[in-house]
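Contents: one structure, followed by commentary.
The values are calculated or read from the model by the stated rules, or taken from the named source; none is laboratory data. No experiment lies behind these values; they were computed from the predicted model shown. In this analysis, Cβ positions are derived from the backbone assuming ideal geometry, glycine residues included, and neighbour counts consider all displayed protein chains. Side chains are part of the model used for accessible areas, which takes the heavy atoms of the whole protein and leaves out ligands, DNA and RNA. Shrake-Rupley method; radii C 1.70, N 1.55, O 1.52, S 1.80 Å.
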Amino acid sequence: MDTLQRTIHNSDMPVVCRSCEARHGGLCGVLTPAQLLELNRQSSRKRFETGNELLGQGELVPYYANILSGVIKLSKMMSDGRQQIVGLQFAPDFLGRPFNAESSMTAEAATDVEICLFPRRVVDRMIGEVPNMERKLHGQSLKELDEARDWMLTLGRKSAQEKVASFLHLIATHIDPEKGDVSCFDLPLSRADIADFLGLTIETVSRQMTKLKKEGIIQIENNRHITVPDLDALNDAAGND
């Protein structure tokens, strides 16, 4: 077992952290037990029900957070009052932008969500003291940038069916990182939100979902529950490499 794995499973770390699976891929995974203990003293867990706002655009940011479970919807409000969904976050993503005192977007619980909260001042200080934490956040930021560029390709060049299939593939592969079987999931967004996210109409989203169902690529129950018999077939329908 390598050094990182020994650190992650070290019995000296707080009990609540030992039982947290999200830390393995998240920010806490790079901390020593002593550093994790320091952060744990300042942290708290909180649940948000679907539709509740975690952060508002333009608000002061009192905390950062690791997403432990659920899906968070990120959106931006335009000057004329129109709102656009600009991204989704899943466990173990990091919510917030270090050293930014003001939130640049609204974060809302798309499903029931559980997060681990850290005071902003504590994390900002630790980033300067713990090089591994700074590198981890930098790596996550670059990953988000790459994903945003891929999504620009989806929105700009793919057909309507490829867009809907790309969205379903994104959810299937991200919604529950602890679950080995990603073939079944509930959609975290309404048809209207999916249309907003993909730049399509609600009717087009519904039509393409029905087409994917008729082709046997997905199964739909109760309008929200999706089963994917073959993830590779969905990936092909999305036009992914």
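Rounded to the nearest 500 deg cm²/dmol, what is the calculated helix-only ellipticity per residue at 222 nm for the chain, with -39500 (n - 2.57) per DSSP H run of length n ≥ 4? Don't skip to the end; give the middle numbers.
Values: 9 runs with 100 residues, N = 241.
Calculated at 222 nm, the ellipticity per residue is -12500 deg cm²/dmol.
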List the lysines whose alpha-carbon lies under 22 Å from that of residue 76, not counting same-chain residues fewer than 8 positions away?
-> 143, 163
Express the carbon and sulfur contribution to the solvent-accessible surface of the range 166-226 as a percent, rounded to the nearest whole number, probe 1.4 angstrom.
-> 49
Classify the range 128-168 as rounded, prolate or oblate from the Cα gyration tensor: take a ≥ b ≥ c as the square roots of its eigenvalues, call it rounded if a/c is under 1.5, otherwise prolate when a/b beats b/c and oblate if not.
-> prolate
Grab the Cα-Cα distance for residue 100 and residue 59, subtract it from 0.36 nm times how many residues apart they are, and report the gain in nm with one decimal.
-> 13.7 nm
Quick one: accessible area per residue over the chain, 1.4 Å probe, rounded to a whole number of Å²?
-> 53
Label-point gap, in nm, between residue 129 and residue 146 - each point 7 angstrom along Cα→Cβ | 3.1
Which loop-located trypsin sites (Lys or Arg not before Pro) does the range 104-210 contain, where loop means any DSSP state but H, G, I, E or B and the Cβ has at most 15 other Cβ atoms within 10 Å?
-> 179
Measuring from its Cα centre, the range 50-99 shows a charge dipole (+1 at each Lys and Arg Cβ, -1 at each Asp and Glu Cβ) which, in debye to the nearest 20, is 100
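Taking the Cα centre of the chain as origin and charging only Cβ (+1 Lys, Arg; -1 Asp, Glu), how large is the dipole, in debye to the nearest 20?
320
I want the local charge near residue 52. Using Cβ-Cβ distances under 13 Å, sum +1 for each Lys or Arg and -1 for each Asp or Glu among the other residues.
Charge balance in the 13 Å sphere: -2.
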Here, trypsin sites (Lys or Arg not before Pro) of the range 34-115 satisfying both criteria (DSSP loop; at most 16 other Cβ within 10 Å) are 82
With a cut-off of at most 12 other beta carbons within 10 Å, and DSSP calling the residue loop, which chymotrypsin sites (Phe, Trp or Tyr not before Pro) in the range 79-160 qualify? Please list them.
-> 99
